[in-house]
Amino acid sequence: MTLQATIACEVNSYRNAVRFHLPDPNDHIQRIILQNSAFYERAMLEDVGSSLPEDALVVDVGAHVGNHTLFFGSVLGVRTIAFEPNPAAFATLQANVELNGINGLVELCPLALGAGPGTGDIVGTDFADLGDARFQPAEQGTIQMAKLDDLVAGHRVHLIKVDVGGAEAEVLRGAQETIARSRPKLLVSAATREILAAVEVVLRPLGYRKIRFYNDTPTYLFEPIPLETTAPTRALDLIDSRDLMLLPPTQQIVAGIASMAGNEVTLRAAVMSLLPQVDCLYVYLNGFAQAPRFITEHTKIRYFIDTDGVRYGDAGKFWGLEQVEDAVYITCDDDIVYPDDFVARMIGELAQSRGLAAVGVCGTIMLQSSRGHYARDERVIVDLERALMRRRRVHIVGTSASAFHSTTVKAKLSDFQDIKTVDAWFAEYLLGEGIPAYIVPRKQRWLQPIEGRHPTIHNQSHAGFGLSHGSLTKQDDIPASPYPISLLRSDAADASSIIYLVDAKQVDGLVEFILAVGGRERDPVVFVTCDHETDDMRRTVLHPEFLCEVHLVARSGEHISNYRELLWKHAGRVRAWTLRNGNELKMVDADEWGNWFEPLVDVEPRVFSPA
């Protein structure tokens, strides 16, 4: 590290504790971070960051002390190249990256960017405000200047943020090849109308238009606008071809939705929001005497009327799956107006797994104890309206907004058995086929149910009113076999994830350990071992605010052998510690942690009562 870094504050963002070294509280940005214990320009970062894919590459031009870089690297976990020519700011930037252990994700460059190579100096230096300092080109300058096109040639860039004190247009001129090739989102600071006009002179010929602006000193979001003068004939043509290339052969985009009589108003709203985004929509109508006119008169819609409405209920949204080939299939609910970017975003996320997974907007992670019981309050539920900055693996993906490829998921309505909800049935199918499920990153309330009192097929199925496949009481039976249910059973596409194992004699320090793991890593699986499963230990470890899979494994429990078998299959990925006295973590090897799964014998069970 280039300087002696002290931690001025920690910013807790989406269960991720981000450390900041802020040596100059008189600097505007550092002072705001310190005062608020929050990221500077947080709303902008969350809004734009939540739309980035899993494998995004971000370029931060004018990184200053690292506020944006730390959000991209620590919170989003995406690769970032940060440019900062001011030596004073760069030293703090470097310290902040090292403090947060994201050196492997972030590349730091003490360079200025411009329209071409050259040199220059930092002028206007005011140590009371580093943000007032700016790079000025000069023939005999001491700081190197380059153009972005020469530095990222061959790489696909997803977001470029530019804040360089008035020279934004020059930076963009030096990035025109990258912009034309990658079509990234652009966040460009423009403090004056003159700066904005100069920026638009560069970006308009490239097909970019400003979408919105953020912050007191305006930062504009520019996105590419399709240049075609004729409307595409298929919804498939609206999807980024680079995403389609990652999927199995795809001929169409299809959606399925189920509804019930009496809900025509919200069904119409949901249908109309989906039609421009799909090539075909399959509508399963429960309890209808006849189909509404807006269903029968649209050429994209195929429909089926189940007059008594007791066969499949909400699972009717899968009716079209058996009738399509080589398609992206999207399941939807009848009480959501889907945003214009819904289908494109879902396909982009599906492409991250090359079409070998199912993705959704809501889902559930099961938290499990060695008693073998899955209590309703011991699970992590991520609902439709919740913001999420990173994609997460889940045990149950909500079919109110899910996407998968027809060559991967081949479920049939005839397979829909017993009295489980459709989400429970789909989760069992995915588990049985070894298909992983994810929920996608998004901003808060990206999807939200239509407000008001109205009957929906989703609610009816959960209540079980007259539906043979509608009771929620079987939801807890999903993980009954095999035990324990774990994401490790269907993670062939993600086998690099780390398994965290910690042996603890008491609860002190466990919350901090699990929060740190769940916030920092992508889809970790955590196992906490102990001699006996006390009520206090259970309440602490199996907490619904942990955003990762957690198991509590007692050596006195009857399922210890199941856990031993599961862990040994993945022993090469295990990182194990002992936790003593609340904060004493000691790393151990397999010879030691292997003994943690030896059952305790001849031990009288203890009787515990809530603390």
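The values are calculated or read from the model by the stated rules, or taken from the named source; none is laboratory data. In this text the structure is predicted, and so the values were computed from the model without any measurement. Here Cβ is always computed from backbone atoms with ideal geometry, including for glycine, and neighbour counts include all displayed protein chains. Calculation scope for accessible area: heavy atoms of the full protein, side chains included, ligands and nucleic acids excluded. Shrake-Rupley method; radii C 1.70, N 1.55, O 1.52, S 1.80 Å.
Condition first: part of a strand (DSSP E or B), within 26 Å of residue 43 (Cβ to Cβ) and without any contact (Cβ under 8 Å) to a residue 60 or more places away in the chain. Can you find one or more residues in region 223-243 that meet it? Yes, some residue in region 223-243 is part of a strand (DSSP E or B), within 26 Å of residue 43 (Cβ to Cβ) and without any contact (Cβ under 8 Å) to a residue 60 or more places away in the chain.
Look at residue 113 and say whether it is closer than 24 Å to residue 10 by Cβ and either among the small types (Gly, Ala, Ser) or surrounded by 19 or more Cβ atoms within 10 Å (Cβ to Cβ) (or both).
Numbers: closer than 24 Å to residue 10 by Cβ: no; either among the small types (Gly, Ala, Ser) or surrounded by 19 or more Cβ atoms within 10 Å (Cβ to Cβ) (or both): yes.
Criteria not met by residue 113.
Scanning region 170-222 for residues that are among the aliphatic types (A, V, I, L, M) and in a loop (DSSP other than H, G, I, E, B) yields a count of 3. Exactly one residue out of 602, 591 is more than 17 Å from residue 487 (Cβ to Cβ), assigned to a loop (DSSP other than H, G, I, E, B), modelled with pLDDT under 90 and open to solvent by 20 Å² or more (accessible area, probe 1.4 Å): that is 602.
Consider region 58-78. How many of its residues are on the phi < 0 side of the Ramachandran plot and under 15 Å from the mean Cα position of the chain (by Cα)?
Final tally of qualifying residues: 7.
Does region 150-169 hold any residues that are free of Cβ contacts under 8 Å to residues at least 40 places away in the same chain and surrounded by 18 or more Cβ atoms within 10 Å (Cβ to Cβ), and which are they?
Applying the first criterion (free of Cβ contacts under 8 Å to residues at least 40 places away in the same chain) to region 150-169 yields 150, 153-154, 166, 168-169.
Matches in region 150-169: 168, 169.
Mind checking whether some residue in region 16-38 is among the aromatic types (Phe, Trp, Tyr) and open to solvent by 10 Å² or more (accessible area, probe 1.4 Å)? Break it down into steps so the answer makes sense when it comes.
Taking region 16-38 as the starting set, the residues that turn out to be among the aromatic types (Phe, Trp, Tyr) are 20.
Restricting the remaining residues to those that are open to solvent by 10 Å² or more (accessible area, probe 1.4 Å) gives none.
No, region 16-38 contains no residue that is among the aromatic types (Phe, Trp, Tyr) and open to solvent by 10 Å² or more (accessible area, probe 1.4 Å).
Would you be able to say whether some residue in region 191-198 is touching a Leu at 6+ places or on another chain (Cβ under 8 Å) and touching a residue at least 12 places away in the same chain (Cβ under 8 Å)? No, that holds for no residue. Cβ-Cβ distances below 9 Å connect the following pairs, each with a first residue in region 290-311 that is more than 16 Å from residue 274 (Cα to Cα), a second residue that is among the acidic types (Asp, Glu), and a separation of six or more residues or different chains: 292/264. For beta carbons closer than 8 Å, sequence separation of 6+ or different chains, a first residue in region 577-598 that is at positive phi and a second that is modelled with pLDDT under 90 and not in a loop (DSSP other than H, G, I, E, B), there are no qualifying pairs.
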